[in-house]
Each structure stands twice: as structure tokens, then as C-alpha cells.
Amino acid sequence: MSAQPDAVRRPVVARTRAELADALAATRSAGGRVALVPTMGALHEGHASLMDHARGRVADTDALVVSIFVNPLQFGPGEDLDRYPRTFDADLEVCAAHGVDVVFAPVADEVYPGGAPQVSVEPGPLATLLEGEVRPGHFRGVLTVVAKLFGLVRPDLAVFGEKDYQQLTLIRRMVADLCLGMEVVGAPTVREDDGLALSSRNRYLDAEQRLAARVLSAALHTGAEAGAYGAEHVLAEARAVLRRTPGVDLDYLTLTAPDLGEAPEQGEARLLVAARVGTTRLIDNIAVTLGDAGPLPTDRGNT
């Protein structure tokens, strides 16, 4: 279904469940595969990288679907549902440029006929930590809409960004625990030249806040560089970087296992951070390899 490399073909826009089924009928009848990239729109290069990642995992004759839906269930009181950017025309251009075959862009009544669902996905204890602690109910809304999108699109694989690492981890757990029979792929975080992770919320930052926000990725990378010296030094180094930048209100900085369990003494781990810069809440994370090289050299230590 995808456009040829030397041509840009606009994707089919499906607004209803019936239109979505019609748009995928030819692929399904031919035994093709379907890849899905769920988004809330306001697409940027980070989203485009997810599309490219998904496109590379399926054949040209398979279908790549991007959903654009601002999900009300995952926004809590006082959060930015109303001001969340809606840029559909520009989003469609991004999709066309990255080989998307179908854009599923339903209204809320199409996803939640009759209002909020009576049955939702309970995300479990992992959803009460980190983002879940400061945003109660958020992941119930996320997993419920993702489960509904999986049911409507019926993809063979779905691609999510590692920037929302807790979300990715919970979606993988949902797919495994509910035996949904599909592959969940994590794609690397895309960053600005100065290291700031791409996010639709970056547009809320003024020039001074934008400069301050760079400290999040700087702290993560500094922490990761100390991984060989153990978990204590990873956190101490990252905190030291954060302390040097005013205007950043830290929510959490934590080191965990890749599945967000307790960090190991050695081996693979994940360093995660969340902070408010002005009124904008930003999150980021990085992979860390922990070792036992001993104390951090004094000529580079920040503690």
C-alpha cells in the first residue's frame, strides 16, 4: 500500500471504524501485515522517526497506520487537554512524507461511543510509580485507549518511543499479560542538537525555559557516564548537574532495572527524570550500564 520512493502519496484518512476497516481491507485480504504508530498528533521529528522505524519493519506492500487522537481519558484535572496542540493539516503532511498509508483520526464519540467506557484496563502497581504517582489514573487512560486502538486496527506490530519509557513498559506488560499476540517495538528517543528530547510540549517553553530544559538530558548523560562506578555515583552525578540550573523544579530522578523494577548492582539499568520548567512538565530517560569500578575519580566527581 505504501507510496513508491520517488513519489509522495497522501495517506487515506479514516474518521470512523468503518472507514478504517475499508482502508485496510485490501492489505488483509492479501495476507499483508499492519504496523501501527499511535499518536496524539502535533507531530514532530520524533514521531516521524517512529513512522520510519515502523515502515522499515514491514514490507512495501504492507500497511502502515498512524492514529491521531487526543485521548481525554489520560488527562487529569488541571492538565493540558484543552490546550494540547491540534495541527492536523501539518500532521497529514508529516505522515505523507514518511510512507504512512492510513491515518486514523477519529473523534471521541467514535472511540468511546456512549461516553467513558464502563470497562477499562487496570494497569497494575507499576502505574502507581513515577508518572503514575504524580498523575493518578493517567496510565489507566493510556492503556485503555491503546487496547481499543489495538482492537480497531488489529496490528501485527506497534511502535512507541522510548522517551515515554514507563508507558512503553506498561504497554508491553499489557500485551504479554492479556495475550494480545502482537509485537511492541520501542524506538530510540530523538533529540534536538543540544540534547533536549523532542516533545510536543516543548513548544510551551519560552526562550529562557528552553535553555534551562537542556539540563535534563545533560544530567542523564552525565549520570550514565558514571555507570561503571555504580548506582550511587550515577544518581549523585546526575543530581549535581540538575542543581546547577535554576528554574527546573525536579519531580523525580530515579535509577531502575529495564523493567522499572529495583536497579541491579551490575548490568543494564534505566535512569529516568521528570521536572517542570515553568509550567511545562518534561520527562526523559537513558539506558545505563552499571559496573563495580569502585569510587569515582576525584578529578571528575561532582559530589
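The values are calculated or read from the model by the stated rules, or taken from the named source; none is laboratory data. Bear in mind the structure is a predicted one, so any value in this text is a computation, not a measurement. Methodologically, a virtual Cβ is constructed for each residue, glycine included, from the backbone with ideal geometry; neighbour enumeration extends over all protein chains shown. Note: areas computed on protein heavy atoms with side chains; ligands, DNA, RNA excluded. Shrake-Rupley method; radii C 1.70, N 1.55, O 1.52, S 1.80 Å.
Evaluating Ala59 against the criteria (1) surrounded by 22 or more Cβ atoms within 10 Å (Cβ to Cβ); (2) farther than 28 Å from Asn202 by Cβ leaves one unmet condition, (1).
The rows are residues; the columns are (1) within 30 Å of Pro136 (Cβ to Cβ); (2) of a type in the set (Val, Ile, Thr); (3) in contact with a Phe, Trp or Tyr (Cβ under 9 Å, 6 or more places away or on another chain).
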site	(1), (2), (3)
Val12	no, yes, no
Val34	no, yes, no
Val37	yes, yes, yes
Ala42	yes, no, yes
Ala54	no, no, no
Leu64	no, no, no
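For the stretch 150-188, what are the residues that are in contact with a Phe, Trp or Tyr (Cβ under 8 Å, 6 or more places away or on another chain), open to solvent by less than 40 Å² (accessible area, probe 1.4 Å) and in contact (Cβ under 8 Å) with a residue 60 or more places away in the chain? Within the stretch 150-188, Val153, Ala158, Gln166, Val185, Ala187 meet the criteria. Among the residues of the stretch 201-215, are any in contact with a helix residue (DSSP H, G or I) (Cβ under 7 Å, 6 or more places away or on another chain), under 22 Å from Tyr84 (Cβ atoms) and part of a loop (DSSP other than H, G, I, E, B)? Scanning the stretch 201-215, I find at least one residue that is in contact with a helix residue (DSSP H, G or I) (Cβ under 7 Å, 6 or more places away or on another chain), under 22 Å from Tyr84 (Cβ atoms) and part of a loop (DSSP other than H, G, I, E, B), so the answer is yes. If Val185 satisfies every condition in (1) under 17 Å from Ile283 (Cβ atoms); (2) not in a helix (DSSP H, G or I) but one, which is the exception? Evaluating Val185 over (1) under 17 Å from Ile283 (Cβ atoms); (2) not in a helix (DSSP H, G or I) leaves (1) as the failure.
Among the conditions (1) surrounded by 15 or more Cβ atoms within 10 Å (Cβ to Cβ); (2) modelled with pLDDT under 95; (3) of a type outside the set (Asp, Glu); (4) closer than 28 Å to Ala21 by Cβ, the only one that Arg86 does not satisfy is (1).
Looking across the stretch 17-52 at every residue that is open to solvent by 60 Å² or more (accessible area, probe 1.4 Å) and in contact with a Gly (Cβ under 9 Å, 6 or more places away or on another chain), the one that is nearest to Val111 (Cα to Cα) is identified as Ala26. Of all residues in the stretch 279-300, those that are outside any strand (DSSP E or B) and modelled with pLDDT under 95 total 10. Scanning the stretch 200-258 for residues that are among the aromatic types (Phe, Trp, Tyr) and either open to solvent by 60 Å² or more (accessible area, probe 1.4 Å) or modelled with pLDDT under 95 (or both) yields a total of 2. Return a yes/no flag: does the stretch 4-12 have any residue that is modelled with pLDDT of 95 or more, within 24 Å of Ala108 (Cα to Cα), within 25 Å of the chain's Cα centre (by Cα) and assigned to a strand (DSSP E or B). Checking the stretch 4-12: at least one residue is modelled with pLDDT of 95 or more, within 24 Å of Ala108 (Cα to Cα), within 25 Å of the chain's Cα centre (by Cα) and assigned to a strand (DSSP E or B). Residue check: is Leu129 in contact (Cβ under 8 Å) with a residue 60 or more places away in the chain, over 19 Å from Leu198 (Cβ atoms), open to solvent by 30 Å² or more (accessible area, probe 1.4 Å) and out of contact with any Leu (no Cβ under 9 Å at 6 or more places or on another chain)? Answer is no for this residue.
Each row is one residue, and each column tells you yes or no for (1) of a type outside the set (Gly, Ala, Ser); (2) farther than 28 Å from Arg172 by Cβ.
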| residue | (1), (2) |
| --- | --- |
| Glu183 | yes, no |
| Gly186 | no, no |
| Asp206 | yes, yes |
| Arg214 | yes, yes |
| Ala231 | no, no |
| Arg239 | yes, yes |
| Leu242 | yes, yes |
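Residues that are open to solvent by 40 Å² or more (accessible area, probe 1.4 Å) and closer than 27 Å to Val12 by Cα within the stretch 99-123 comprise Val107, Ala108, Asp109, Glu110, Pro113, Gly114, listed in sequence order. List, please: which pairs have Cβ atoms under 7 Å, are six or more places apart or on different chains, and start with a residue in the stretch 19-37 that is closer than 22 Å to Phe69 by Cα and end with one that is among the aliphatic types (A, V, I, L, M) and open to solvent by 50 Å² or more (accessible area, probe 1.4 Å)? Partner pairs satisfying both residue conditions: Ala23/Val12.
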